[in-house]
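Asks: I am attaching a structure below and will ask some questions about it afterwards.
The values are calculated or read from the model by the stated rules, or taken from the named source; none is laboratory data. Here the structure is a predicted model, which means the values were calculated and not measured. Note that each Cβ is placed from the backbone with ideal geometry, even for glycine, and that neighbours are counted across all protein chains shown.
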Amino acid sequence: MSLWYDVKGMADPITDLTSQTEATVNVSDDKHKLRVLLELSHSLGTEIVLDKLFAVIVAQVTDAMNAERSSLFLYDDESQTLWSKVAEGLDSQEIRIPLGNGLAGTVAQTLTPINIRNAYDDSRFNPAYDKKSGFRTRSILTMPVLNQNNRLLGVVQVLNKRTEPCFGYEDEEFLVAICTHIALAVDRAQLIESYVKSQRLQQSLAWAHDIQTGILPKPFGASRSDIDVFATMKPALDVGGDLYDYCLIDDDNLCFAIGDVSDKGVPAALFMAMARTAFNISVRSGTKSITEVLRTVNDFLVDNNDSQMFVTIFAGILNLKTGVISYSDGGHEDPFIIRRGRTVEQFHKTGGLAMGIVRGYEFACGTIQLDPGDSLVLYTDGVNEAMNKSHKMFSTPKIGETLLSHLSGVPARVIATDLVSKVVEFAGGAPQSDDITTMAIRYLGSESCLI
């Protein structure tokens, strides 16, 4: 009895040696994993370009997990799909997987890892990739990549454990740790990529603004003593959807137009450029009435209008000898006339349909008589519909009140810019919701002393 107790009470040399060996192996394995994680963290931390980071992640994960192959899928929240930028060993063709489809799609949907011993025994596995590449998938470990806010960034798959039939529990834990580092690297790279794209967009918009401004007509300056024209545009965004144009058809006739596209931003700016170019070409292609010009431009816009936009317009031809304006309207705002030394009146025009809607539309023609010293003032609805912080509109009557201060006769530049200044002052810092454009045409006739 005593021997039995003594034997039971003694440490078993064989068992003790085995325990020490396992402990040594575990410590060694932990040190190896720690070293791998440090190396992985360093590798991922030195790469900030998303495209290059994909390749680094796949190579590092394959090596760290002692696997034959790895794949990284990123999650596209907008389309609810996973897409593969890099699939090691395959070509670089992009792969898209809907949320919930296959092993990767299921992990993305459930945010739960999947570890399978034999891929071909699992109905969620798609053998098409093996057939395409000639690779034979045996075991698969699929893990979600989550950021610190538990938001899905993507999914990592590792294929075929080199030294074992399949991936074990310790492999799962190790890949969880690896995915933490991947999430930090992907999050950072995506933020940097978004910032760079934003900067590029801002630069592109700045260039677009310069190009748009560059194609607008320049003031005549002192080259003409019978006419004074000035227009200004203040876009709500970087580029605008308002347009204006003016040019001399010949020595005796000035053609002009102001318009407002039905949208804002880059799409409206492109449509605006198309409309203005069509107008300018139509005017310069020969002597035409203003109704013919608008009909030509309208048909062109209808035929080239996949975006389904339209543009309101007021256009006319001013005879510089008589002061008579022949005009046509496409659903635009009523202009104002400053009768020098007398009054300001809102001119109620003959209306018409906006351009880009109905092909073959016949625009009506009306006339306005200007006397020497009178000014025609045109604007877009960004002026009269401008709002202050109390959501009160500037209003059309307010335009007339503002113009009353110019009865004595001032240059067109003063009229156009002062109206914009009054609108900005009225808004009082409220966000600008629409483009603001004004144009003043001051007819001087033969009385050049009025300048």
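Asks: Inspect segment 323-341 for any residue being surrounded by 17 or more Cβ atoms within 10 Å (Cβ to Cβ), of a type in the set (A, V, I, L, M) and at pLDDT below 95 and give the result as yes or no.
Replies: Looking through segment 323-341, none of the residues is surrounded by 17 or more Cβ atoms within 10 Å (Cβ to Cβ), of a type in the set (A, V, I, L, M) and at pLDDT below 95.
Asks: Now for a different question. Would you check if there is a residue in segment 421-431 being more than 34 Å from the chain's Cα centre (by Cα), in a loop (DSSP other than H, G, I, E, B) and at pLDDT below 95?
Replies: Scanning segment 421-431, I find no residue that is more than 34 Å from the chain's Cα centre (by Cα), in a loop (DSSP other than H, G, I, E, B) and at pLDDT below 95, so the answer is no.
Asks: If you scan segment 370-409, which residues turn out to be crowded, with 18+ Cβ neighbours inside 10 Å and hydrophobic (A, V, I, L, M, F, W, C)?
Replies: The answer is L370, L376, V377, L378, V383, A386, F394, I399, L403.
Asks: Pick out the one residue from E68, E88 that is at pLDDT 65 or above, more than 30 Å from the chain's Cα centre (by Cα), surrounded by 13 or more Cβ atoms within 10 Å (Cβ to Cβ) and on the phi < 0 side of the Ramachandran plot.
Replies: Only one candidate passes the filter, namely E68.
Asks: Within segment 385-402, can you find the residues that are among the hydrophobic types (A, V, I, L, M, F, W, C) and touching a residue at least 24 places away in the same chain (Cβ under 8 Å)?
Replies: A386, M387, F394, I399
Asks: Read through the list (1) out of contact with any His (no Cβ under 8 Å at 6 or more places or on another chain); (2) modelled with pLDDT under 75; (3) farther than 21 Å from I325 by Cβ, then give the number of the only condition that K288 fails.
Replies: Status for K288: all satisfied but (3).
Asks: Has segment 344-361 got any residue that is crowded, with 19+ Cβ neighbours inside 10 Å and without any contact (Cβ under 8 Å) to a residue 24 or more places away in the chain?
Replies: Within segment 344-361, none of the residues are crowded, with 19+ Cβ neighbours inside 10 Å and without any contact (Cβ under 8 Å) to a residue 24 or more places away in the chain.
Asks: Among the residues in segment 266-277, are any touching a Ser or Thr at 6+ places or on another chain (Cβ under 7 Å) and not in a loop (DSSP other than H, G, I, E, B)?
Replies: yes
Asks: Among the residues of segment 366-384, is any over 21 Å from I399 (Cα atoms), in contact with a helix residue (DSSP H, G or I) (Cβ under 7 Å, 6 or more places away or on another chain) and without any contact (Cβ under 8 Å) to a residue 40 or more places away in the chain?
Replies: Looking for residues that are over 21 Å from I399 (Cα atoms), in contact with a helix residue (DSSP H, G or I) (Cβ under 7 Å, 6 or more places away or on another chain) and without any contact (Cβ under 8 Å) to a residue 40 or more places away in the chain, one finds none in segment 366-384, hence no.
Rundown of residues vs (1) in contact with a Lys or Arg (Cβ under 7 Å, 6 or more places away or on another chain); (2) of a type outside the set (S, T, Y); (3) surrounded by 17 or more Cβ atoms within 10 Å (Cβ to Cβ), yes/no style:
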| site | (1), (2), (3) |
| --- | --- |
| V107 | no, yes, yes |
| L111 | no, yes, no |
| I116 | no, yes, yes |
| A128 | no, yes, no |
| T137 | no, no, yes |
| T142 | no, no, yes |
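Asks: Could you run through segment 119-146 and say how many residues are farther than 22 Å from F54 by Cα and either in a strand (DSSP E or B) or in contact with a Pro (Cβ under 9 Å, 6 or more places away or on another chain) (or both)?
Replies: 4
Asks: Assess whether T350 counts as being in a strand (DSSP E or B), in the same structural domain as S408 (by TED's automatic domain parsing) and not charged (D, E, K, R).
Replies: no
Asks: Of all residues in segment 274-304, which are within 30 Å of the chain's Cα centre (by Cα) and either crowded, with 17+ Cβ neighbours inside 10 Å or outside the structural domain of C247 (by TED's automatic domain parsing) (or both)?
Replies: Result: M274, A275, R276, A278, F279, N280, V297, N298, D299, F300, L301.
Asks: Right, another one. Could you please find all residues in segment 396-408 being over 12 Å from A440 (Cα atoms) and either not polar (S, T, N, Q) or not assigned by TED's automatic domain parsing to the domain that holds D334 (or both)?
Replies: Within segment 396-408, P397, K398, I399, G400, E401, L404, L407 qualify.
Asks: Taking segment 171-185 only, how many residues are over 19 Å from G105 (Cα atoms) and either in contact (Cβ under 8 Å) with a residue 12 or more places away in the chain or not assigned by TED's automatic domain parsing to the domain that holds L111 (or both)?
Replies: 7
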